[in-house]
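Asker: Mind having a look at this structure? Questions to follow.
The values are calculated or read from the model by the stated rules, or taken from the named source; none is laboratory data. All of these numbers come straight from a predicted model, not from anything done at the bench. Cβ coordinates were reconstructed from backbone atoms using ideal geometry, including for glycine residues, and neighbour counts include every protein chain displayed. Note: areas computed on protein heavy atoms with side chains; ligands, DNA, RNA excluded. Shrake-Rupley method; radii C 1.70, N 1.55, O 1.52, S 1.80 Å.
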Amino acid sequence: MRLVLASTSPQRRDILQQLRIPFDAVAPAYVEHDPPDADPVSLVRSHAVGKARSVHRPGRATLGVDTTVHLAGRIHAKPRDMDDAVRMLRELSGRTHVVVSGLCLIGPAGETVAHAETRVTFRSLDERTVREYVGSGEWRGRAGGYAIQGLGGRLVERIDGDYANVVGLPAALLVATLEHELPELLHGV
């Protein structure tokens, strides 16, 4: 059995490969809507379900995942443009935010929906650091406007929780879910 990953994210594919979970990636037919004042847990769980359901076929195991950044009652989804990325990074500077990922696994036993949270503390960023990072372009398509596994790692002072969650797939939660729901995906390595 192979997992169907409802995502085009190279980071999610990389994490599944690192975990040696056999999978096929399929672009989800789902449109995200990220209101800034949404409840982050409800939002990512809903998006994960929508992504998984959009590509699921009977007889397959399908995984949908969504990740966002939450700080001070506000969602920091993917920046719209460079100015939005600069604004986000300024807000995250010197503060601790929460990276929240929702996970939906659809398999023979039905749907399992869960979420994981990782606390990330940014160091205090000066204007030059913010501008140089945004100039790198790495912020594009990234919740919160940064990629911890790249240059964005320079912005981070510490994390508390699953590093892979910050990259875009809550690995510890996924392994626990698969162990319970579809152990054959883990033990055929």
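Asker: What are the residue pairs meeting all of these: first residue in region 59-87, first residue of a type outside the set (Ser, Thr, Tyr), second residue open to solvent by less than 30 Å² (accessible area, probe 1.4 Å) and in a loop (DSSP other than H, G, I, E, B), Cβ atoms under 6 Å, and 6 or more apart or on different chains?
Answerer: Short answer, once both residue conditions are applied: 61/182; 65/169; 75/38; 79/139; 85/79; 85/139.
Asker: Taking strands (runs of 3 or more DSSP E) that do not extend beyond region 23-120, which have at least 2 residues that are of a type in the set (Gly, Ala, Ser)? I'd like the intermediate steps shown before the answer.
Answerer: Working: elements: 23-26, 61-71, 74-76, 96-107.
The strands (runs of 3 or more DSSP E) meeting that bar are 61-71, 96-107.
Asker: Of everything in region 34-56, what is over 15 Å from the mean Cα position of the chain (by Cα) and open to solvent by 60 Å² or more (accessible area, probe 1.4 Å)? Give them in sequence order. I'd like the intermediate steps shown before the answer.
Answerer: Our first condition is that a residue be over 15 Å from the mean Cα position of the chain (by Cα); within region 34-56, this holds for 35-39, 53-56.
Correct list: 36, 37, 39, 53.
Asker: Given the condition within 17 Å of residue 44 (Cα to Cα), at pLDDT below 95 and either among the small types (Gly, Ala, Ser) or within 16 Å of the chain's Cα centre (by Cα) (or both), answer yes or no: does some residue in region 89-110 qualify?
Answerer: The first filter runs over region 89-110 and keeps only residues within 17 Å of residue 44 (Cα to Cα), leaving 97-106.
Filter once more, so that each one left must be at pLDDT below 95: none.
No, because not a single residue in region 89-110 is within 17 Å of residue 44 (Cα to Cα), at pLDDT below 95 and either among the small types (Gly, Ala, Ser) or within 16 Å of the chain's Cα centre (by Cα) (or both).
Asker: A further question on this structure: Among residues belonging to region 57-75 that are within 18 Å of residue 9 (Cα to Cα) and of a type outside the set (A, V, I, L, M, F, W, C), point out the one that is most open to solvent (accessible area, probe 1.4 Å).
Answerer: 67
Asker: Can I ask one more? Do you know which residues across region 145-189 are at pLDDT below 95, part of a helix (DSSP H, G or I) and surrounded by 21 or more Cβ atoms within 10 Å (Cβ to Cβ)?
Answerer: 185
Asker: Spot the failing condition for residue 141; the list is (1) open to solvent by 20 Å² or more (accessible area, probe 1.4 Å); (2) modelled with pLDDT of 95 or more; (3) within 20 Å of residue 6 (Cβ to Cβ), and only one is missed.
Answerer: Result: residue 141 fails condition (2) only.
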